[in-house]
């Protein structure tokens, strides 16, 4: 049985009725909940949220928005993350685009093509597709750019990137 740090109503159902400044239900910072052997306890500095085994994700960034030709995105910060999720939306199926990750260890530096090691082989962080698709790359530097190369005329593409820890 789970024990929650909430008051119980007459039906023994947990509820929370504290309101924030905007009149929304809210938990005070020191009372976020975590699981500890099926017992839910308040979180504090001495009892933090667990992070082991949890995939942490950053903000989604639109690297390219409905572009019609080859382009390089602006710099995207991935500080604190080791991987990226990339999602592409191609307007016309059968029109090929290639997407390549460039990276740099410092903001504003020289960006070079990135590679990742898979099963002992070094592979470029590059992917070619003619459909809306998504994939992940591991082992990224702190700052990246996405190069979208139009291989066949006639389609627009939108590219979104989300840094994460895999």
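Each value in this text was obtained by applying a stated rule to the coordinates, not by laboratory testing. Since we're looking at a predicted model, the values are computed, not measured. We place every Cβ from the backbone using ideal geometry, glycine too, and count neighbours over all the protein chains shown.
Key figures for this structure:
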| read-out | value |
| --- | --- |
| FRET E, pair residue 98, residue 56, Förster distance 35 Å, beta-carbon r, rounded to 0.05 | 0.75 |
| Global size of region 61-164 as Cα Rg and Dmax, reported in angstrom | 13.1, 38 |
| Paramagnetic reach from residue 116 in region 131-162 [backbone N under 13 Å; point 7 Å along Cα→Cβ] | 134-141, 162 |
| Mean separation of Cα contacts under 8 Å, 6 or more apart, over the residue count of region 61-164: relative contact order % | 51 |
